1. Looking at region 177-225 only, could you name the residues that are part of a loop (DSSP other than H, G, I, E, B), under 27 Å from Asp137 (Cβ atoms) and in contact with a strand residue (DSSP E or B) (Cβ under 9 Å, 6 or more places away or on another chain)?
2. Name the residue, out of Arg163, Arg214, that is among the charged types (D, E, K, R), within 19 Å of the chain's Cα centre (by Cα) and closer than 30 Å to Gln36 by Cα.
3. Can you name the condition, by its number, that His81 falls short on among (1) closer than 23 Å to Tyr136 by Cα; (2) surrounded by fewer than 17 Cβ atoms within 10 Å (Cβ to Cβ)?
4. Just to be sure before I move on: is Gly243 surrounded by 14 or more Cβ atoms within 10 Å (Cβ to Cβ) and either in a loop (DSSP other than H, G, I, E, B) or at pLDDT below 95 (or both) in the structure I sent?
5. When you look at Arg31, is it over 18 Å from the mean Cα position of the chain (by Cα) and either outside any loop (DSSP other than H, G, I, E, B) or free of Cβ contacts under 8 Å to residues at least 40 places away in the same chain (or both), yes or no?
6. In the set Ile189, Ile127, Ile172, which member is in contact (Cβ under 8 Å) with a residue 12 or more places away in the chain, surrounded by fewer than 20 Cβ atoms within 10 Å (Cβ to Cβ) and within 18 Å of the chain's Cα centre (by Cα)?
7. Tell me, which strands (runs of 3 or more DSSP E) wholly within region 65-135 include 1 or more residues that are within 24 Å of Gln228 (Cα to Cα) and of a type in the set (A, V, I, L, M)?
8. Quick check on Arg52: is it surrounded by 12 or more Cβ atoms within 10 Å (Cβ to Cβ) and of a type in the set (Lys, Arg)?
Amino acid sequence: MIALQLWLSTAGDGHGIQVYDTTELYGERGRFRVLQFSGDAIQGALDLNHPRRVVFEYPRAMIHLMESGGAMFEDVFVIGHGIGTIAGYFAEKRFKTAEVNAEVVKLSRQHFGCSQDNVVIGDGRSILESEPDHRYDFILLDAFTADGTPQHLVSSEFFALARSKLNSRGSIIMNLMGRSERDRLMGAIHTTLSEEFPYIKAFALPSEGTADVRNIIIMGSIKPIRYQAKQMAGFVEITIGQGHVIRD
């Protein structure tokens with residue numbers, strides 16, 4: 001039997017937000033605290049028995065891609081805060097996070113132990129525009145609305161902006177939702193990204209059907225992308241077809 005304890009439920013900024021504890025999460029038994037938007041959009045989860053553990057596969061895979069690029073990186077810009085999982089994992093690095101919803105940041109500090117003072121409230125693209133050129137080693141995109149990733153964060157103009165803010169070793173890593181095959185949007189994002197970045201790889205968790213919507217990680221880099229398959233938390237490299245170029 002699954003036990004639930006609701007800590008908070010709010011209308012938020014255009015969508016509901018809940019914080020609750022549960023004894024089961026995606027079939028795993030334990031003690032978990034969850035930040036969830038309306039519907040099934042879980043934004044973050046904390047293992048209350050092992051608070052330093054990174055619960056979900058996609059941030060573990062993104063962490064490995066960052067570490068595979070070399071441990072010497074220092075500066076990271078993140079769009080989409082959630083509960084601050086990756087920034088918390090790399091607490092010794094310099095992270096700057098843009099989050100459009102102030103309530104999400106407040107809840108991450110009240111209920112999920114987020115203690116870093118590195119979050120700016122506002123639109124991630126607008127905040128990134130004001131950052132110095134060539135400053136960042138990584139730009140991470142993990143931002144969703146009810147309609148998915150906002151288009152202005154996957155357009156040709158945004159990727160050109162991201163490229164200008166990355167240094168000569170820099171990469172952008174995106175957590176997206178889509179299908180591993182015949183997904184028009186994933187194809188369009190992949191094609192648009194290739195206008196600015198010479199090296200691109202895409203990864204997905206295996207599923208029973210290629211039509212299943214799941215986390216897709218797409219990485220664009222100025223240098224060749226290296227990784228170890230066994231460290232990708234179950235994600236496997238996939239091939240995404242060509243698509244149209246997304247413009248503002």
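The values are calculated or read from the model by the stated rules, or taken from the named source; none is laboratory data. Please read these numbers as outputs of a predicted model, since none were measured by experiment. A quick note on method: Cβ atoms are made from the backbone with ideal geometry, for glycine too, and the neighbour counts reach across all protein chains shown.
1. Glu196, Phe197, Pro198, Leu205, Ile222, Lys223, Pro224, Ile225
2. Numbers: Arg163 fails: closer than 30 Å to Gln36 by Cα.
Result: Arg214 is the single residue among Arg163, Arg214 that is among the charged types (D, E, K, R), within 19 Å of the chain's Cα centre (by Cα) and closer than 30 Å to Gln36 by Cα.
3. The failed condition is (2).
4. Numbers: surrounded by 14 or more Cβ atoms within 10 Å (Cβ to Cβ): yes; either in a loop (DSSP other than H, G, I, E, B) or at pLDDT below 95 (or both): yes.
For Gly243, the condition - surrounded by 14 or more Cβ atoms within 10 Å (Cβ to Cβ) and either in a loop (DSSP other than H, G, I, E, B) or at pLDDT below 95 (or both) - is met.
5. Details: over 18 Å from the mean Cα position of the chain (by Cα): yes; either outside any loop (DSSP other than H, G, I, E, B) or free of Cβ contacts under 8 Å to residues at least 40 places away in the same chain (or both): yes.
For Arg31, the condition - over 18 Å from the mean Cα position of the chain (by Cα) and either outside any loop (DSSP other than H, G, I, E, B) or free of Cβ contacts under 8 Å to residues at least 40 places away in the same chain (or both) - is met.
6. On the way: Ile189 fails: surrounded by fewer than 20 Cβ atoms within 10 Å (Cβ to Cβ); Ile172 fails: surrounded by fewer than 20 Cβ atoms within 10 Å (Cβ to Cβ).
Of Ile189, Ile127, Ile172, the one residue that is in contact (Cβ under 8 Å) with a residue 12 or more places away in the chain, surrounded by fewer than 20 Cβ atoms within 10 Å (Cβ to Cβ) and within 18 Å of the chain's Cα centre (by Cα) is Ile127.
7. Working: elements: 75-79, 94-99, 119-121.
The qualifying strands (runs of 3 or more DSSP E) are 75-79.
8. Details: surrounded by 12 or more Cβ atoms within 10 Å (Cβ to Cβ): no; of a type in the set (Lys, Arg): yes.
For Arg52, the condition - surrounded by 12 or more Cβ atoms within 10 Å (Cβ to Cβ) and of a type in the set (Lys, Arg) - is not met.
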